[in-house]
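The values are calculated or read from the model by the stated rules, or taken from the named source; none is laboratory data. Quantities reported herein were computed from a predicted structural model and do not represent experimental measurements. Cβ placement follows ideal geometry from the backbone for every residue including glycine, while neighbour counts extend to all protein chains displayed. Note: areas computed on protein heavy atoms with side chains; ligands, DNA, RNA excluded. Shrake-Rupley method; radii C 1.70, N 1.55, O 1.52, S 1.80 Å.
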Amino acid sequence: MITKINKRLLIGLSFIICQLSSSVVLTSCVDNDDSVPQNYYQSTKLTAAEFLEERPEEFSDFTAILKKTPYFSMLSTYGSYSTAGLLRYTLFAPNNEGIQRYLQKNGYSSVEDLPVGLCDTLARTHIIKRGEFYTTDISEGALPELNMLDAYIVLSSDSDVNNNNKAVYFINKTARMVEYNDSVTNGVVHVLDNVITASKDLLADKIEADSSLTLFSQALRLTGMADSIARFEDKTYSCSPDSVHTGFMVRCTSGSEKFTRSFWPEKRYFKYTVFAEPDSVYARYGITTVQQLAAYAKQIYDETYPQDAGLYDDDFKNRKNPLNRFISYHMLDRIGQYNSWVTSGETRSACWLTDITDPEEFYETMAKGTLMRFAGPSAGLFINRKGHQDDYTVRGVKVLSPSESGSVDQNALNGVYHYLDDILAYSTEVRDNVLNCRIRIDATTLSPDFMNENGRGRYGEDILTGFKQKYITNWTVTDETYVGVHSDVNYWNSYQANAVCVSGVFDVTVKLPPMPSGTYEIRLGYTANEERGVIQTYLNNEPCGIPVSLCEYGTDPNAVPYIGWTEDTEDEEENQANDKAMHNRGYMKAMDSYRSGGADHPLRGNSWNLRRILTTTYLDSEKTYYLRFRQVLDDPDRYWTFDYLEFCPKSIYGRPEGEDTH
């Protein structure tokens, strides 16, 4: 059990500067904040707690619950400084009618009868401690920060036909916002007509309870895959309070005094996502029994894996059984809400050039050797789609949004499930066509822990979510290495506005997602800076050429070899010639489909945003591959912002017309 951060990490690495002091309470309040949206009620003179006390006719019951916990006092402060900076709260406040419905449903006669422990749970369910979030921050899906129970708050909407189709917002499908965006001096308050209740069911049980998913649930049990999504909390993990709540300053940006706050999660969770077809989708294909579903799966997977055809048909728990492969391909070992899979929200609108490409991301599934391709055109979220906006060659399968999914709360204790509008399968078309593309994978997706602890997707703060060395799935990390996922900040010159920050005299090995079998260029996307050191890379312990200098800009004439970056001109032939010359040296410019927020040009226009070709090699989908990154310089003050990897098949980089710049 680790109760304190490793002393060698604290003393031997100078990039960790200091432990922050205890919270400092601000004594003055903000008179006005023009950045908040227009709302029904605004009082920048009141705290969230005072907002409730000013309206006892609506909130006396919820106030009484909060006063049985430490959280009423917390909501009474005007914001305090911690490792997270100025704390701003999002409070979801059930009105008295909602509390009374909860009491009646659960057999309590009054708030006074509620046990203190239950009051504590109810309070933490309704508070987001790090950040204030308005309905204008997100249109559909989960808010960027977890509540104090480490659970997502999911927003969905509808239109009120009796009130000029005015937008109506719901939280976790069970509570309606009757008033929202009430800004207070220490955050924002949303008023609910019901209590938010957190599910206590594991994901497989939650799916089984959904009457629209009877066939999928039967297949989930028959294949034994329900047992693969049964874990929740890692009881071997521990983290001391000073690491969780106070944290440290870590070098992760450029400049002699530029450090970023880091904290470590208090608990470690195992979470999962399942994409499931309702019975009505199967019925369109004449599938009404689990036996018919198994026959459908056999038809698909005998073609995808002809070497296994007929060998495992009756052994449903064998991972090569067609139905097992079918169900496994619907499952991921991480939680992802509807808006978590591809870049969304403010980052999408400010940074992604959607007139060039749709936001995309790739994820390994629980079916061995397989990937999913997620795309986010304006029509919604799709799996295994190929094209751009409405100009597609393969439509893919649409993931229904919370608002399109009816009134069932799809969140479980250890994950979430989503409905699909068509049958999802790892067919030969998916393997040979949809995934025959440049596969660009953001570094923040390379471990499920980065998503399960909300490191990826945390928005609006310049902060790092730190991960303890022995608790990063798919990563092997030495004791002298710090690993943290940076929150999404649009002004960063990095793909998807985030990165995995690696500091110290580091040595890390990362398990790679599986690729369809073929020859690939493996590329590292990074941001160069003079403080970022030199790394030697290895593929399965074989060196990938000479070390990569993270210090050298594309225009640095002292770079060895000289990178040769030049600014694009109006002459496309000249630009292509420069791209080819850079490629011959093992380098590429960044993409032209993404920019930092506020920039007037994409990352391709920055000489410090580069791609380095690490190696060209054959990858077998049935084998496991690892990339190792070792800091060459013996300087603990060096660091690396791991941005993304690319796997570009020969069919793309080797075609006569060349590869696109997107």
Take the conditions loosely packed, with under 14 Cβ neighbours inside 10 Å, touching a strand residue (DSSP E or B) at 6+ places or on another chain (Cβ under 8 Å) and free of Cβ contacts under 8 Å to residues at least 12 places away in the same chain and apply them to Ser109. Does it pass?
no
Restricting attention to region 640-662, the residues that are at pLDDT below 90 and open to solvent by less than 50 Å² (accessible area, probe 1.4 Å) number exactly 1
Identify, from the list Ala379, Ala309, Ala367, the residue that is over 16 Å from the mean Cα position of the chain (by Cα) and within 18 Å of Tyr417 (Cα to Cα).
Ala367
With the requirement that a residue be among the basic types (Lys, Arg) and farther than 28 Å from Cys501 by Cβ, what does region 563-590 give you?
Lys580
Do you know which of the residues in region 496-511 that are open to solvent by 10 Å² or more (accessible area, probe 1.4 Å) and not charged (D, E, K, R) is modelled with the lowest pLDDT?
Val505
When you look at Ile300, is it touching a residue at least 40 places away in the same chain (Cβ under 8 Å), in contact with a helix residue (DSSP H, G or I) (Cβ under 8 Å, 6 or more places away or on another chain) and assigned to a helix (DSSP H, G or I), yes or no?
yes
Checked region 193-229 for anything without any contact (Cβ under 8 Å) to a residue 40 or more places away in the chain and assigned to a loop (DSSP other than H, G, I, E, B); matches are Ala209
Would you mention how many residues in region 277-309 are buried (at least 19 other Cβ atoms within 10 Å of the Cβ) and of a type in the set (Gly, Ala, Ser)?
2
How many residues does region 593-639 hold that are among the charged types (D, E, K, R), modelled with pLDDT under 95 and buried (at least 19 other Cβ atoms within 10 Å of the Cβ)?
1
Which residue, of Gly455, Gly466, is assigned to a strand (DSSP E or B) and not hydrophobic (A, V, I, L, M, F, W, C)?
Gly466
Take the conditions of a type in the set (Lys, Arg) and modelled with pLDDT under 90 and apply them to Arg88. Does it pass?
yes
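For (1) open to solvent by 10 Å² or more (accessible area, probe 1.4 Å); (2) outside any loop (DSSP other than H, G, I, E, B); (3) touching a residue at least 60 places away in the same chain (Cβ under 8 Å), each residue gets a yes or a no:
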| residue | (1), (2), (3) |
| --- | --- |
| Gly387 | yes, yes, no |
| Thr393 | yes, yes, no |
| Ser403 | yes, yes, yes |
| Val408 | yes, no, yes |
| Val416 | no, yes, yes |
| Asp422 | yes, no, yes |
| Glu429 | yes, yes, no |
| Asn436 | yes, no, yes |
Of the residues in region 312-350 that are of a type in the set (Val, Ile, Thr) and under 27 Å from Arg440 (Cβ atoms), the one that is farthest from the chain's Cα centre (by Cα) is Thr347
Before we move on, is Phe62 of a type in the set (Phe, Trp, Tyr), at pLDDT 95 or above, crowded, with 22+ Cβ neighbours inside 10 Å and not in a loop (DSSP other than H, G, I, E, B)?
yes
Failed criterion for Arg348 (all others in (1) outside any loop (DSSP other than H, G, I, E, B); (2) farther than 20 Å from Phe450 by Cβ; (3) among the basic types (Lys, Arg) hold):
(2)
Could you grab me the full set of residues in region 563-591 that are open to solvent by 70 Å² or more (accessible area, probe 1.4 Å) and in a loop (DSSP other than H, G, I, E, B)?
Glu567, Glu570, Asp571, Arg585
Look at Asn493 and say whether it is of a type in the set (S, T, N, Q) and open to solvent by 10 Å² or more (accessible area, probe 1.4 Å).
yes
Filter region 535-562 for residues that are of a type in the set (Asp, Glu) and either under 20 Å from Ser503 (Cα atoms) or modelled with pLDDT under 85 (or both); which is surrounded by the most Cβ atoms within 10 Å (Cβ to Cβ)?
Glu552
